[in-house]
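Asker: A single structure is presented below for examination.
Read-outs throughout are calculated quantities, based only on the coordinates presented, and are distinct from any laboratory measurement. None of the values given here were measured: they were computed from a predicted structure. So basically every Cβ, Gly included, is an ideal-geometry build from the backbone, and we count neighbours across all protein chains shown.
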Amino acid sequence: FDLDSDNPIRIESKSARLDDKAGTATYTGNVRVTQGEARLEAQRIVLTRKEGELDSLDATGEPATYEQPETPDAPALYAEGNRIHYAAGEGLIVFERNALIRQAGDRFRGNRISYDLEKRVVTATSADDDDEDRVEMTIQPGKNRDNN
Amino acid sequence: MMGHWLQAFISDLQDRSLWLWGAAVLTALALVLLLLRSEQPVTSRDAEELRGPDKPDGFVINATYRSFDSEGRLSARISSPRGEQFDDDKRVTMESPRGLLLEKDSRAPWHLAAERGEYYLNAERLTLNSNVRIRHETRERGEALLKTERLVVDNRKRIVHTDAPVTIINESSLTRTTGMKGWIDERVLELESQVDGYYYSR
């Protein structure tokens, strides 16, 4: 999501609770957040505002999913996790618990994956408290990758 | 000669006073009739018109109703250019009601307006109908406007609720929903179904 974009961020859901003092809006039931073609879907989303501006989005679902269409400078992206956290100020989306990201044939799986919206960099980490937990990465050999 | 003249003058006077008395009586009679005629029809017609077709038990022009919290501070004020009171259920119907609700702690005001209203005095419950507007302003979040066609304001429970479609607008977002419940002092709104919100960057 791009807060500087002229495109508004749209949120649809079955019900919602607006808490003006806390500056939060909690959307529940088939929640869908869209901006242009980018889309976030979840069972529950808590939106936090600071000085009237969107500050963060916290989505939970079984899983919650995020899709971003192809753009001139980046391939389409699909990601999911039982929890998705978007921090406006940091331009970062973090997927946690059964996190998965697919982009242009590449696949990342782990307990926690963060995606930098600006640099388009994926960082995957396993769970600290589970030695068995692994990060899985499947990188498609790209045609114009370096040939040596 | 003199006597004759005098007698003529006196009898002439007597004739004249009879005439004068007669005229006075006739005039008085005419006045009373006029009064009676003007009194009876004008009063009933004016009263009917003033009272209005719904035949309230009483009506108040430029009515204002205030209620206070347990600490004696103003908590709500409702005014209307015309309030019609019906004693059987302690109800007041109002034209163009304007209301003010004050939050308990922050004293932030909620301004209410509608085309029609009905206020139940004992229950401190106001039903607003048609073109209902609530304007609410806080230091932190600026002004918010809420629009709907029906709203119940329960000042005793300090809640507002409606089953009608609602639109909520503030400086950086617009939200639509159907059905809403609000807690005035906590400043919390629960939107009950079909929530559709837009957030704009400034």
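Asker: For A:60, A:125, which order do you get if you count the other beta carbons within 10 Å of each Cβ and list the fewest first?
Answerer: A:125, A:60
Asker: Based on other C-beta atoms within 10 Å, arrange B:111, B:136, A:85 from fewest to most.
Answerer: Listed from fewest to most nearby Cβ atoms, that is B:111, A:85, B:136.
Asker: Based on alpha-carbon centroids, what's the gap between segment A:27-92 and segment A:103-127 in Å, whole number please?
Answerer: 15
Asker: May I pose another question? Quick one: order B:49, A:37 by neighbouring beta-carbon count within 10 Å, fewest to most.
Answerer: B:49, A:37
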